[in-house]
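The values are calculated or read from the model by the stated rules, or taken from the named source; none is laboratory data. All of these numbers come straight from a predicted model, not from anything done at the bench. With ideal geometry, Cβ positions are generated from the backbone for all residues, glycine too; neighbour counts draw on all protein chains shown. Please note that ligands, DNA and RNA were not included when accessible areas were found on the heavy atoms of the full protein model with its side chains. Shrake-Rupley method; radii C 1.70, N 1.55, O 1.52, S 1.80 Å.
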Amino acid sequence: MNEDFDVLVIGAGACGLCAAIASHDQGLSVGIVEKMERPGGNSALSTGSVPAAGSRFQREAGIEDDPETYFRDLMGIAGEADNPGIVRLMTEVAAETVEWLIDDVGARLKLVTAYKHIGHSVPRLHAPVSRRGADLVDDLVGAVEKRDIPIAVGNAVHDLIIEDGAVKGAVVDAGDGKPFEIRAGKTILAVNGFGANRDLVARFCPEIAGAQYFGARGSGGEAVLWGEKLGAALDNMAAYQGYAAVADPHGGLLSWTTIEKGGILIGADARRFGDESTGYSGYARIVLAQGDHAYAIFDQRIFDIAAQEEEFRELSDYGAFKSANTPEELAVAYELDAAVLSQQIEQYNAAASGKMGDAFRRREFGLAPLKPPFYACRVVPGMFHTQGGLRIDREARVLRASGEPVPNLYAGGGAAAGISGRSGALGYASGNGLLTAVALGRIAALSAARALRTVR
């Protein structure tokens, strides 16, 4: 039967959009199907930060970096991983991927030098000025439209077409109850992970199953379910990206700059409960374990730095923060124990000043000790996206447990196993999810193009 496309891309987040762009630019016919009403997925909810080691933008800024240093950084926090070879691949291709995004795709990314964020020994995040992933997605959609690549939103894939063990496309439903087939030479799975599938989260990531989910609604775990039917192997399934400080009840991410630069988190009892420098992902389960919510405390200097980020300014405009000249006044504003909060800040400041050891062995204090005026924001921990998925090789081909590739099937982004370690959230470094989205989307397209040229 004739094929509708050389390449069918399932999912229109950053991974799918990059896969489609790279496929088109390789001279292939390509189409995108997306089950939600608009493109974006988790990519649109991110800060749009793509890490890269050795990019020309780092060199221009006088920052020395290389893939090997980046690899050591990632493995240093991830510990054991099912796919260290893919971690190394991502560090090797990150710089060329970022430069491709900017030079060929037209993405408006700039090197961030104001902070490094967890997992990075030097500044290597390249992000939109707004620090909004939606802006990156807009640029990618613009590049897709410029190339006249068809993208069908509101078209859910029910299943893959399998013939003689090989993938031949997908069965799609536009919502009218009349499924139809789209046949393709190669199929790229660019769907999100399984964060919105509570059964799969409980099965694979039980430690965070009790947290609120703040990721994309479309993260239903189809890639895992389809992969299991095909006998595909799964890697790093207990790994996920959490966020320790989602503004409550506003729902926006409180910039982790507030904590990284010296802020603290306290519980409803006004007491600190851990080492906040653990990072926004790894600390999420700690916040979850201590109670329903917490409070982030920081000062004016930290506020001014975080205010460079658009989402932080919006949270401020929405009234997410309260300020006061003393810890006691801040405690009253949130009905906290004033004496306890004052004592906690005093002890933390003493540790930050080197006068005593920190009760939780925190060693990185940023701009602390904290000084008035103080700010506070009520927060809750959240689960944002899973980091486990289908096992792939360096060509982004989906692999069976035997090591043999599933014919014609590729995966990237949330559909593929990530680079954040084997389990938990401690191994997540800023940008891990978006890097595997854009880089693996491009790699899958280039690999598909090579394979198609071989058989023609």
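A few notes on this one:
- Using a probe of 1.4 angstrom and keeping all protein chains present, the accessible surface of segment 228-291 works out to 27 square angstrom per residue.
- Links that overshoot a 28 Å alpha carbon limit, given the list Lys110/Lys322; Lys110/Lys355; Lys186/Lys229: Lys110/Lys322; Lys110/Lys355
- Both numbers refer to the Cα atoms of segment 182-234; Rg and Dmax are 12.9, 41 Å.
- Residue-normalised accessible area of segment 81-121, expressed per residue, 1.4 Å probe, Å²: 38 Å²
- Highest mean packing comes first when the peptides 240-250, 146-156 are listed by Cβ atoms within 10 Å, giving 240-250, 146-156.
- Taken along its three principal axes, the alpha carbon spread of segment 260-350 comes to 32, 31, 27 Å, from the longest extent down to the shortest.
- For segment 309-377, the ratio of Cα radius of gyration to the globular rule of thumb 2.2 N^0.38 Å stands at 1.24.
- Cross-link partners of Lys116 among lysines, defined as those whose alpha carbon lies under 19 angstrom from its own and excluding same-chain residues fewer than eight positions apart: Lys261.
- Each other residue within a Cβ distance under 11 Å of Asp317 adds +1 if Lys or Arg and -1 if Asp or Glu, for a net charge of -2.
- Ligands, DNA and RNA left out, the 1.4 Å accessible surface of segment 352-456 is 50% carbon and sulfur atoms.
- Solvent-free Debye scattering, log10 I(q)/I(0), computed from the Cα coordinates of segment 272-411 at q = 0.22 Å⁻¹: -1.55
- Restricting attention to the chain, close to 65% of DSSP beta bridges with both partner residues there are antiparallel.
- For Asp82, the solvent-accessible surface computed with a 1.4 Å probe is close to 70 Å², ligands and nucleic acids excluded.
- Cα pair distances exceeding 17 angstrom across segment 198-307, given as percent: 60 percent
- For segment 376-444: accessible area per residue (Å², 1.4 Å): 23 Å²
- Every pair of different Cα atoms in the chain enters the Kirkwood calculation, which places the hydrodynamic radius at 22.4 Å.
- Cα pair distances of segment 169-209 binned at 10 Å [whole percent]: 24, 27, 31, 18
- Expressed as a whole percent, the proportion of Cα-Cα pairs in segment 4-125 lying more than 26 Å apart is 29%.
- Coordinate range along principal axes, alpha carbons of segment 133-188, Å, largest first: 40, 26, 21
- For segment 48-181, the spread of Cα positions along each principal axis, largest first, Å: 56, 36, 22
- Between 0 and 90°, nearest 10: helix 133-146 axis offset from the chain longest Cα axis: 20 degrees
- Electrostatic tally near Leu336: other residues with Cβ closer than 13 Å to its Cβ, Lys and Arg +1, Asp and Glu -1, net -1.
- Angstrom value of the Kirkwood radius, inverse mean 1/r, which spans all Cα pairs in segment 1-66: 14.2 Å
- Alpha-carbon Rg with Dmax, taken over segment 387-456, Å: 13.0, 46
- Portion, in percent, of the accessible area of segment 1-118 that falls on carbon or sulfur, probe 1.4 Å: 46 percent
- Scaled to the globular estimate 2.2 N^0.38 Å, the Cα spread of segment 103-244, given as radius of gyration, is 1.28.
- A simple count of charges around His24, restricted to other residues whose Cβ falls under 13 Å of its Cβ and scoring Lys, Arg +1 and Asp, Glu -1, yields -2.
- The average projected area of segment 79-123, computed from the convex hull of its Cα atoms over all directions, is 4.2 nm².
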